[in-house]
Amino acid sequence: MTKLYARGWLLLIWLGLGGQAVAEPVTVAVAYLRQEIERPPTLSDLDPVPADSGIAGAALGIADNFTTGQFLGQDFSLKVVSVPVGGDFPAAVRAALAVSDLLLIDAPADATLAAADLPEAAQALLINVSAPDSRLRGVDCRANLLHTLPSLDMRADALVQMLVQKRWRDVAMITGPHPEDRAFADAIEASIHKFGMEIGSRADWDITTDMGRNAAAEVPLLTQALGEFDVLIVADELHDFGRYILYNTWLPRPVAGSEGLVPRNWAPVIEQWGAAQLQSRFSARAGRWMNDEDYAAWAAVRAIGEAVTRTGLTDAEGLRHYMMGDSFELGGFKGSPLTFRSWNGQMRQPISLVHPRALVAQAPFEGFLHQRNPLDTLGLDEGDSGCAVFG
Amino acid sequence: MRGVRVRVRKTCRAGTGLAIWLVFGAVLIPQQAGADEIWVTNEKDNSISVIDTESLEVTRTIPTGDRPRGIIFSHDYKAVYICASDSDAVQVMDPDSGRILHDLPSGEDPEQFALHPDNRHLYIANEDDAITTVVDVDTRRVIRQINVGIEPEGMAVSPDGALAVTTSETTNMAHWIDTATGDLVANTLVDSRPRHAEFVKHGTELWVSSEIGGTITVFDVATRSEKAKITFELPRIHPDLIQPVGFEFTRDDGLAFVALGPSNHLAVVNAQTYVVEDYILVGRRVWHLAFDRDREHLFTTNGVSGDVTVVDVARRKALKTIPVGRYPWGAAFRPTD
């Protein structure tokens, strides 16, 4: 925490891809700005967060853009800047803005806002690829900040649509101690209210014994106290204790939320809609599966690439205008074109409901209708976002 | 125990032996000339379902390599080519016996292909590799590989053999290839996720379907410029679900039948005016199609419902649904005389 890097830069990687230019070549420079965070310890180390989470997705997006760009004389480069915990993130962003006005932001909400509020960023295009906070799409939205990662409320709505569809109306919830857990729990609760249901019983996770050995003793007691329910929602966004809940509940009931049946924007089990191609392209490069942050970063870079390809423009303002317009659509291997919401800059996208071995369903579900687009049944709609800076 | 074993062996000699002989006979004895066939690849069953165009029944199920998708017959119908995508091979099969004769070197993950009018050069889109591979089917050698956009899929060769076109799903382009030199002569943008390409009207037009864009772009081949764009609209179905993929033309190129994916409909397009005249409800996630000999019946592959819809072309109505294997993908017509 105390280690400060005066320059704010730790890592600087250029992924320039030279190529056979056809017409007058243009180069589109994209910078990836990461604020490193401290991750609390988890009970199991089975699934470490990859060091290049998000970055590998952006790199694939650049490679994809380049393959297309080579036929049009368009070159794409990626600069990755990773600021250590306690480093000066705004300074790093300012330095990056001196070189490029197209930035991917991989940082917590407050750092993301600090970046967007820099005077140097006023005319730039920032894309949030890692902060799921609903407020960034609502009261704290910024006109220069788009979002390719789905918000928590989009994921919550996807899961709750499934509960409605399955008629699992009696819901119990266990919430972890971290702010991320509470934020997800709040989003689930808001969604449950939206669809006319209630959370029947709830518990906070405060067990400190070793779950690797004690889950079978502790979890039945905890879940017995929750009484009767159809489904147990676990809010454990850091993946600390949730894995120990499954098959240890007092009543035989499905588990959903952060564990079990999980609403995600991307997962290794997605192979429909041509996704197998994206999965194999990513795995071949990164040597691992593509995760939610990788997909968000890939989609952000591809959205920029698509806008450059279609318009021939390279300036942030022109690209943002096209991306927010009616002509823009990105093929994202989810079965529907991906577009941006005009009221808060959030990328519209289906949300997958997955377990570790298969895709269970994809939201929006049939029967959840919207006057504009069924995808707008997920997350903050125009009327309730509270975002006023998008014209 | 001993007694049982003896009895089993007896049964083997008398009954099962005959049964095996009959099964092999059915597979290996050449089909008698008569009813024509529609061959359908089942992507997730590693098989082909052969449909009799008279009885509208599946008469044979033939094993293939892994994940069969594109399927075409040689111009003389003596061989059938199958993109076995996950086997990284184009398989060459004897249509009479259903036996795999050999594999062609295809490049990685072949998805669709087109056979040059010379009946010899096969143009293969390698989906995972951003490459178009040209194979000589006689020498079984790769003639050349051409770098194209990401996820090439649609493949077409002009009737005069001078041009080949690959469409790339993520790059969103039609790549125009001079077949004499193998050079890319043009790269034209189309709407999102192009899936299928066909030269029509004696090679004067190129049609390209865009699955996510929801359109068909019609190019004037001489100028390689966009001549028309066809859009689709169905009541009570969101435009995002209207995803054109495969399409086929009636004999005079007067009408195009377009498979519209998860909207579960075909569109009937007037190929002269580019106006959509009709929509026909078929099975779920309809992707590719093939006509019978007189183009009176059209057979569609419905991936999600795992069946083939037979459409009466004149009445523009679905006639029958035929269950096939899992995830039917491609379809091709085979005359048997």
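Here are the numbers for this structure:
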| item | result |
| --- | --- |
| Residue that is farthest from A:Ala303 (Cα to Cα), among those in segment A:345-359 that are part of a loop (DSSP other than H, G, I, E, B) and open to solvent by less than 10 Å² (accessible area, probe 1.4 Å) | A:Pro350 |
| Single match in B:Asp337, B:Asp252 (criterion: open to solvent by 20 Å² or more (accessible area, probe 1.4 Å) and over 20 Å from B:Ser49 (Cα atoms)) | B:Asp252 |
| Flag for A:Arg243 being under 30 Å from A:Gly335 (Cβ atoms), in a helix (DSSP H, G or I) and within 14 Å of chain B (Cβ to nearest Cβ) | no |
| Conditions (1) within 14 Å of another protein chain (Cβ to nearest Cβ); (2) farther than 27 Å from A:Thr311 by Cα: number failed by A:Ala95 | (1) |
| Candidates A:Thr223, A:Thr209 - the one that is open to solvent by 10 Å² or more (accessible area, probe 1.4 Å) and of a type in the set (Ser, Thr, Tyr) | A:Thr209 |
| Residue identified as open to solvent by 20 Å² or more (accessible area, probe 1.4 Å), in contact with a Phe, Trp or Tyr (Cβ under 7 Å, 6 or more places away or on another chain) and either farther than 18 Å from B:Val142 by Cβ or not basic (Lys, Arg) (or both) among B:Lys44, B:Lys78 | B:Lys44 |
| Subset of segment A:323-348 that is under 20 Å from A:Leu313 (Cβ atoms) and within 16 Å of the chain's Cα centre (by Cα) - its residue that is farthest from the other protein chains (Cβ to nearest Cβ) | A:Gly345 |
| Some residue of segment B:261-268 being part of a loop (DSSP other than H, G, I, E, B) and of a type in the set (Val, Ile, Thr) | no |
| Residues satisfying the stated conditions in segment B:204-231, i.e. open to solvent by 10 Å² or more (accessible area, probe 1.4 Å), farther than 14 Å from B:Met173 by Cα and either charged (D, E, K, R) or more than 14 Å from chain A (Cβ to nearest Cβ) (or both) | B:Thr204, B:Asp220, B:Val221, B:Ala222, B:Thr223, B:Lys227, B:Ala228, B:Lys229 |
| Failed criterion for B:Arg141 (all others in (1) away from every other protein chain (no Cβ under 14 Å); (2) among the charged types (D, E, K, R); (3) without any contact (Cβ under 8 Å) to a residue 24 or more places away in the chain hold) | (3) |
| Test result for B:Val286, closer than 30 Å to A:Pro374 by Cβ and either in contact with a Cys (Cβ under 6 Å, 6 or more places away or on another chain) or surrounded by fewer than 20 Cβ atoms within 10 Å (Cβ to Cβ) (or both) | no |
| Scope segment B:163-203; condition open to solvent by less than 10 Å² (accessible area, probe 1.4 Å), in a loop (DSSP other than H, G, I, E, B) and among the charged types (D, E, K, R); matching residues | B:Glu169 |
| Residues within segment A:41-91 that are within 14 Å of chain B (Cβ to nearest Cβ), buried (at least 20 other Cβ atoms within 10 Å of the Cβ) and not small (Gly, Ala, Ser), tallied | 11 |
| Matching residues in segment A:366-386 - criterion: being away from chain B (no Cβ under 14 Å) and either under 24 Å from B:Pro194 (Cα atoms) or open to solvent by less than 20 Å² (accessible area, probe 1.4 Å) (or both) | A:Gly379, A:Ser385 |
| Residue among A:Ala190, A:Ala124 that alone is at pLDDT 95 or above and buried (at least 17 other Cβ atoms within 10 Å of the Cβ) | A:Ala124 |
| Subset tally (residues that are within 11 Å of chain A (Cβ to nearest Cβ) and among the small types (Gly, Ala, Ser)) for segment B:144-175 | 3 |
| Condition check for A:Ala363: open to solvent by less than 30 Å² (accessible area, probe 1.4 Å), more than 27 Å from A:Pro48 (Cβ to Cβ) and in contact (Cβ under 8 Å) with a residue 60 or more places away in the chain | yes |
| Filter result for the condition that a residue is of a type in the set (D, E, K, R), outside any loop (DSSP other than H, G, I, E, B) and in contact with a strand residue (DSSP E or B) (Cβ under 9 Å, 6 or more places away or on another chain), over A:Arg94, A:Arg182 | A:Arg182 |
| Qualifying residues in segment A:260-296 (those that are more than 14 Å from chain B (Cβ to nearest Cβ) and open to solvent by 40 Å² or more (accessible area, probe 1.4 Å)) - the one nearest to A:Ser53 (Cα to Cα) | A:Glu293 |
| Which listed residue, of A:Trp266, A:Trp250, is out of contact with any strand residue (DSSP E or B) (no Cβ under 7 Å at 6 or more places or on another chain), among the aromatic types (Phe, Trp, Tyr) and either without any contact (Cβ under 8 Å) to a residue 60 or more places away in the chain or not in a loop (DSSP other than H, G, I, E, B) (or both) | A:Trp250 |
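Residue-by-condition table, conditions (1) in a helix (DSSP H, G or I); (2) of a type outside the set (A, V, I, L, M); (3) surrounded by fewer than 24 Cβ atoms within 10 Å (Cβ to Cβ):
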{"position": "A:Trp298", "(1), (2), (3)": "yes, yes, no"}
{"position": "A:Val301", "(1), (2), (3)": "yes, no, no"}
{"position": "A:Gly305", "(1), (2), (3)": "yes, yes, no"}
{"position": "A:Leu313", "(1), (2), (3)": "no, no, yes"}
{"position": "A:Glu317", "(1), (2), (3)": "yes, yes, yes"}
{"position": "A:His321", "(1), (2), (3)": "yes, yes, yes"}
{"position": "A:Asp326", "(1), (2), (3)": "no, yes, yes"}
{"position": "A:Gly335", "(1), (2), (3)": "no, yes, yes"}
{"position": "A:Trp343", "(1), (2), (3)": "no, yes, yes"}
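So that you can scan it fast, the table gives a plain yes or no per residue for (1) surrounded by 19 or more Cβ atoms within 10 Å (Cβ to Cβ); (2) at pLDDT 95 or above; (3) of a type in the set (A, V, I, L, M, F, W, C):
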site	(1), (2), (3)
B:Asn264	yes, yes, no
B:Asp278	no, yes, no
B:Asn302	yes, yes, no
B:Val310	yes, yes, yes
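The values are calculated or read from the model by the stated rules, or taken from the named source; none is laboratory data. Since the model is a prediction, treat every value here as computed from it, not as a measurement. Glycine gets a Cβ as well: all are built from the backbone with ideal geometry, and neighbour counts include every protein chain shown. Only protein heavy atoms, including side chains, enter the accessible area calculation; ligands, DNA and RNA are left aside. Shrake-Rupley method; radii C 1.70, N 1.55, O 1.52, S 1.80 Å.
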